[in-house]
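K.L.:
First the structure, which I've put down as structure tokens, then a few questions once you've had a look.
The values are calculated or read from the model by the stated rules, or taken from the named source; none is laboratory data. Just so it is clear, the structure is predicted and the values come from calculations on it, not from any experiment. FYI the Cβ positions are ideal-geometry reconstructions off the backbone, even for glycines, and counts take in every protein chain you see. Just the protein is used for accessible areas: all its heavy atoms, side chains included, with ligands, DNA and RNA removed. Shrake-Rupley method; radii C 1.70, N 1.55, O 1.52, S 1.80 Å.
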Amino acid sequence: MLNLLKCEFYKLKRSKSFYVLIVLGIIDGIVGIILAPSLRNDCGKKGMIGMFGGEEFLGQIIFLGIFTIYITNEFKSGYTKNIISYGHKRRDVVLSKSIVFSTAAIIISLILPITVTVIETVMNGYGEIFNFKAFAFILRVTLIMMISYVVMASIAVLISFIFRNIIAPMAIFYLLDMANRFASAFSLRSNDVKYLYEKTIFYIPNIAISNVISISQMVQVVFHGLVVIAFSILLSIYIFNKADIK
């Protein structure tokens, strides 16, 4: 398992798509500030809240869908079959890829909020005295968002192991992006849709950026996130164990 992890992290460091998506995230943030006058006048805290709250509408979901190529391309090349032939357990293959993919998903997803927050803080200040309370707020928002990123990453891994081709995961994540946009829009018009939307993983950013969050909300986010992550990984292992890898 340890050797697989080392190998996966080594491949991640050499992954061109990983660095391309990081650069795209930085460009996304810079272009957004240049084109949107409201962003140019925001302080760092307001920019951070805005980016974490609306990041999924700025390509984050699609970016993760694109990055599934990190997993699916190895089915096409035959690398995954070779790893199994060398005696590595399929369970360990799934776990190592899940850990590294989730790490990459966190980095890719944090780039845009960090870029905007840093630039706006330099231009207009953070917006309040940077004390322990401010630091605790940043830490809380970031940790909850990281849970959200890992949840999405675990779903991406599951879809990748189900279809084992390059196109399907990208297409499904594009459809997830569209579904999220429609659900968010309709939730503003219908209380029933809003109630259902608030139960999905797409609503986690709204909880994360709230000024006040209850212990029960925090526990709910962590519990539901861990359930989805565990279910996705276990199902990925089950599907991979049953799959005929050619």
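K.L.:
Could you tell me which residue of the stretch 79-108 is nearest to ILE245 (Cα to Cα), considering only residues that are charged (D, E, K, R) and surrounded by fewer than 16 Cβ atoms within 10 Å (Cβ to Cβ)?
P.N.:
Here the answer is LYS81.
K.L.:
Within the set of pairs 6+ apart or on separate chains, which have a first residue in the stretch 205-228 that is free of Cβ contacts under 8 Å to residues at least 40 places away in the same chain, a second that is of a type in the set (A, V, I, L, M, F, W, C) and surrounded by 14 or more Cβ atoms within 10 Å (Cβ to Cβ), and C-beta atoms under 7 Å apart?
P.N.:
GLN217/ILE207
K.L.:
Can you tell me which residues in the stretch 124-142 are out of contact with any Cys (no Cβ under 9 Å at 6 or more places or on another chain) and open to solvent by 60 Å² or more (accessible area, probe 1.4 Å)?
P.N.:
Those that are out of contact with any Cys (no Cβ under 9 Å at 6 or more places or on another chain) and open to solvent by 60 Å² or more (accessible area, probe 1.4 Å): ILE129, PHE130, ASN131, PHE132, LYS133, PHE135, LEU139.
K.L.:
VAL150 is checked against (1) exposed (fewer than 14 other Cβ atoms within 10 Å of the Cβ); (2) part of a helix (DSSP H, G or I) and fails just one. What number does that condition carry?
P.N.:
Condition not satisfied by VAL150: (1).
K.L.:
Test LEU35 against the stated conditions and say whether it is over 25 Å from SER96 (Cα atoms), of a type outside the set (Lys, Arg) and open to solvent by 80 Å² or more (accessible area, probe 1.4 Å).
P.N.:
It is true that LEU35 is over 25 Å from SER96 (Cα atoms), of a type outside the set (Lys, Arg) and open to solvent by 80 Å² or more (accessible area, probe 1.4 Å).
K.L.:
On the given criteria, is VAL118 within 15 Å of ILE49 (Cβ to Cβ), out of contact with any strand residue (DSSP E or B) (no Cβ under 9 Å at 6 or more places or on another chain) and surrounded by fewer than 19 Cβ atoms within 10 Å (Cβ to Cβ)?
P.N.:
Yes, satisfied.
K.L.:
Report, ordered by the first and then the second residue, all pairs with beta carbons closer than 7 Å, sequence separation of six or more or different chains, a first member in the stretch 170-182 that is surrounded by fewer than 18 Cβ atoms within 10 Å (Cβ to Cβ), and a second member that is part of a helix (DSSP H, G or I).
P.N.:
From the stretch 170-182, the pairs are TYR174/ILE62; TYR174/GLY65; ARG181/PHE57.
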